[in-house]
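Peer 1: Here it is: the structure, laid out below.
The values are calculated or read from the model by the stated rules, or taken from the named source; none is laboratory data. This one's a predicted model, so the numbers in the text were calculated from it and none came from an experiment. With ideal geometry, Cβ positions are generated from the backbone for all residues, glycine too; neighbour counts draw on all protein chains shown. The accessibility values were calculated without ligands, DNA or RNA, using every heavy atom of the protein model including side chains. Shrake-Rupley method; radii C 1.70, N 1.55, O 1.52, S 1.80 Å.
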Amino acid sequence: QVQLVESGGGLVQPGGSLRLSCARSGISFGFRVMAWYRQAPGNQRDLVATIASDGRTNYADSVKGRFTISRDNAKNSVYLQMNSLKPEDTADYYCNTRDFPFFGWGQGTQVTVSS
């Protein structure tokens with residue numbers, strides 16, 4: 001099963017910004033609604049943001065106004081611009097479809113927000 005590949009994570013101070021990227025070689029995302037998820041240690045994987053093929057977006061309340069999801073269908077890529085980061089945003093971030101069936105889960109990219 002082809003896996004997604006996430007990148008762009010790192011260590012950032014509170015109030016900082018990061019831009020995450022997700023790509024999947026081979027098959028196009030097509031009309032699938034794509035999503036970013038995150039999982040903090042000891043917690044379940046939570047939905048952060050979604051984007052439809054026509055660009056419509058939705059966000060979890062905790063990230064509204066700070067995160068922006070986007071996609072480039074020609075490049076089979078999805079992005080997450082994260083601004084005004086808070087310590088509680090610390091987690092491993094993953095991309096995948098919003099709905100079943102999922103693509104193969106990638107390794108994720110770690111985001112740590114700390115001073």
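Peer 1: Using a cut-off of 12 Å between beta-carbons, work out the net charge of the residues near residue 66 (Lys and Arg +1, Asp and Glu -1, residue 66 not included).
Peer 2: Once positives and negatives cancel, what remains is -1.
Peer 1: Now for a separate question. Just add up the charged neighbours of residue 23: K/R +1, D/E -1, any other residue whose Cβ is under 10 Å from the Cβ of residue 23.
Peer 2: Overall, the nearby charge balance is 0.
Peer 1: Would you tally the net charge around residue 54, using a Cβ to Cβ cut-off of less than 15 Å, leaving residue 54 out, and scoring K and R as +1, D and E as -1?
Peer 2: With Lys, Arg at +1 and Asp, Glu at -1, the neighbours total +3.
Peer 1: Further question: Hey, for a label at residue 43 modelled as a point 7 Å past Cα toward Cβ, could you say which residues of segment 86-107 have their backbone N under 12 Å away?
Peer 2: Flagged as within label range: 86-93.
Peer 1: In addition: Counting only heavy atoms of protein chains, what accessible area per residue, in Å², does the chain have with a probe of 1.4 Å?
Peer 2: Accessible area per residue, the chain: 53 Å².
Peer 1: Now a separate question. Using DSSP loop states and a limit of at most 16 other Cβ atoms within 10 Å to flag chymotrypsin sites (Phe, Trp or Tyr not before Pro), what is the longest stretch of the chain containing no flagged site?
Peer 2: It runs 32-101.
Peer 1: Run the accessible area of the chain with a 1.4 Å probe and give the carbon-and-sulfur part as a rounded percent.
Peer 2: 48
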